[in-house]
Amino acid sequence: MPEPRYAALLGTGRYLPERVVTNVDLEEILDTSDQWIQERTGIRERRYVADGESGAMMATAAARHALEMAHLRPDDVDLIVLATLSPDVCFPGNGVYIGAELGIPGTPCLDIRQQCTGFIYGLSLAEAYIRSGRYDYVLVIGSEIHSSGIEMAPRGRDVSVLFGDGAGAALLGPTTDVNRALLGTWVHSDGRHAEELWTEGPASRKNPRVAADDVANGSVFPKMNGQKVFKFACRHMVEAVKEAVDAQGVQIADVDFFVFHQANMRIIDFVLKALRIPESKTHCNIDRYGNTTAASIPIALDEAGRAAMIPPGALVCLAAFGSGFTWGSALLRWPTGEGGTQTANEQEGV
Ligand code: ACO
């Protein structure tokens with residue numbers, strides 16, 4: 001019998017633009033206040049790109065960071081999976097630009113969306129491709145630029161204060177050792193709620209897809225039914241974690257570390273309380289970066305791993321909820337550092 005083949009996390013990386021935008025910076029522009037934002041969301045500041053920084057450029061930097069940790073070269077990569085709701089141009093997707101910037105022409109790429117759940121969906125693809133033997137090394141990247149798409153005026157303040165720019169990446173490869181494997185991914189969607197958190201335009205279902213008054217009428221800016229999103233996020237994040245542990249036949253208490261999508265500190269607090277997870281078992285950075293949608297989990301995972309917050313061999317659960325609605329979870333064993341893969345106590349490199 002052939003040995004079982006699993007996907008393993010071999011490296012992580014991140015890229016955050018240097019430009020810091022605090023709540024106070026937004027107070028006048030958005031008719032908001034530092035106190036309102038902190039109390040409702042836990043966000044203190046976020047990063048915005050500067051001229052010359054693009055989604056593909058940030059994704060490439062995060063990918064290089066992950067490749068270095070895995071001691072692999074760009075030409076080892078068999079597939080790039082890029083999750084974003086904010087591609088640099090309408091088409092083609094950012095995946096082709098990342099391949100070009102990494103210098104690996106001919107390497108296939110997939111651009112996926114799935115918003116805040118994009119990274120978990122990306123992991124599910126990497127898992128399937130690697131387990132099936134189709135590919136060995138798969139880059140999964142989340143990269144977002146929100147700052148150029150949010151409405152920087154009081155009308156858009158409920159959404160605009162939430163989001164920030166950044167990229168996170170993971171490099172996955174094959175293993176026969178279940179004790180260092182990605183154990184499973186569980187993903188869901190429910191499009192009945194698509195318009196509770198969405199950006200309508202440019203819309204190909206309208207002709208013309210961009211009209212002269214789209215900026216004035218606001219259809220090109222994200223809209224959100226905040227309270228409904230909040231309620232569904234709390235419910236589905238809890239269910240996503242339960243689904244993962246149930247599928248693996250373990251208890252919540254057996255999980256050593258959790259990385260949640262960073263949408264709102266109150267959502268994370270709800271999940272921690274509902275599942276009786278101690279705060280020490282998670283890492284949050286929403287105060288510093290806001291919501292970076294598809295990038296949020298790989299950024300937090302990379303920070304926690306490089307800061308040695310996750311012990312080698314730890315059972316790690318990831319969970320996300322986002323626009324669509326989409327939600328999902330993943331369970332993995334944190335790499336032990338053997339065999340040329342990442343050492344969990346690697347010092348901060350960024
Ligand atoms: N600054 C100041 N006041 C504001 C702001 C702001 N930025 N935004 C809204 N307000 C006002 C409202 O106008 C309202 O005023 P009123 O009472 O005079 O009418 C008041 O604050 C309360 O508004 P609510 O919407 O009831 O505020 P709530 O407590 O629900 O908090 C929030 C809003 C933070 C957006 C919350 O609903 C939330 O976090 N929702 C989920 C957000 C989320 O996770 N989104 C991303 C999902 S991930 C993805 O896939 C993209």
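Which whole-Hz couplings ³J(HN,Hα) result when phi for each residue of segment 255-267 is put into the Karplus expression 6.51 cos²θ - 1.76 cosθ + 1.60, θ = phi - 60°, listed in order with x for Gly and Pro?
For segment 255-267, the Karplus curve yields 7, 8, 8, 10, 10, 9, 4, 8, 9, 6, 4, 6, 5 Hz.
Just the accessible area per residue of the chain, please: how many Å² with a 1.4 Å probe?
About 43 Å² of surface per residue is accessible.
From the square roots a ≥ b ≥ c of the eigenvalues of the alpha-carbon gyration tensor of segment 226-291, which class results: rounded (a/c under 1.5), prolate (a/b over b/c), or oblate?
Oblate, since a/c reaches 1.5 and b/c is not below a/b.
Report in % the part of the accessible area of the chain that belongs to carbon and sulfur, leaving out ligands and nucleic acids; probe 1.4 Å.
That share works out to 50 percent.
Can you list the lysines whose alpha carbon is less than 19 Å from that of K223, not counting same-chain residues fewer than 8 positions off?
Output for K223: K206, K231.
Would you calculate a helix-derived [θ] at 222 nm for the chain, using -39,500 (n - 2.57) for each DSSP H run of n ≥ 4 and dividing by the full residue count, to the nearest 500?
-9500 deg cm²/dmol
Going highest first, how would you order 319-329, 125-135 by mean Cβ packing within 10 Å?
Top of the packing list down: 319-329, 125-135.
Once the dipole of the chain is set up with Lys and Arg at +1 and Asp and Glu at -1 on Cβ about the Cα centre, which of L102, S160, V238 lies farthest towards its positive end?
It is V238.
In terms of the Cα gyration tensor, with a ≥ b ≥ c the square roots of its eigenvalues, is segment 207-344 rounded because a/c is under 1.5, prolate because a/b exceeds b/c, or oblate?
Taking the square roots of the gyration eigenvalues as a ≥ b ≥ c, segment 207-344 is prolate.
Toward the positive end of the charge dipole of the chain, about the Cα centre and with charges on Cβ (Lys, Arg +1; Asp, Glu -1), which of F257, P74, A304 goes farthest?
F257
Between segment 264-295 and segment 209-229, how many Å separate their Cα centres?
Using only Cα atoms, the two centres lie 27 Å from each other.
Shape of segment 206-247 from its Cα gyration tensor (a ≥ b ≥ c, root eigenvalues): rounded if a/c is under 1.5, otherwise prolate when a/b > b/c, or oblate?
Prolate, since a/c reaches 1.5 and a/b exceeds b/c.
Any idea what the dipole of segment 154-231 comes to, in debye rounded to 20, about its Cα centre with Lys/Arg Cβ at +1 and Asp/Glu Cβ at -1?
160
If packing is taken as the average count of other Cβ atoms within 10 Å, what order do 209-222, 49-62 fall into, highest mean first?
Order by mean packing, descending: 49-62, 209-222.
Near the amide H of T336, under 5 Å away, which other amide H atoms are found, from residues 5 or more places off or on another chain, if H is placed in the peptide plane?
For T336, the qualifying residues are G313.
Work out from phi, with θ = phi - 60° and the Karplus expression 6.51 cos²θ - 1.76 cosθ + 1.60, the ³J(HN,Hα) of each residue of segment 80-91, listed in order in whole Hz, and give x for Gly and Pro.
10, 10, 10, 9, 7, 9, 9, x, 4, 9, 4, 8
Skipping prolines and chain starts, which residues have an amide H placed within reach, meaning under 5 Å, of the one on L110, given they are 5 or more residues away or on another chain?
The answer is I80, V81, L82.
Averaging over all projection directions, find the projected area of the Cα convex hull of the chain and quote it in nm² with one decimal place.
17.5
Using unit Cβ charges (K, R positive; D, E negative) and no other charged atoms, how large, in debye to the nearest 20, is the dipole of the chain about its Cα centre?
820
The values are calculated or read from the model by the stated rules, or taken from the named source; none is laboratory data. Keep in mind the model is a prediction, meaning the values are calculated, not measured. With ideal geometry, Cβ positions are generated from the backbone for all residues, glycine too; neighbour counts draw on all protein chains shown. Side chains are part of the model used for accessible areas, which takes the heavy atoms of the whole protein and leaves out ligands, DNA and RNA. Shrake-Rupley method; radii C 1.70, N 1.55, O 1.52, S 1.80 Å.
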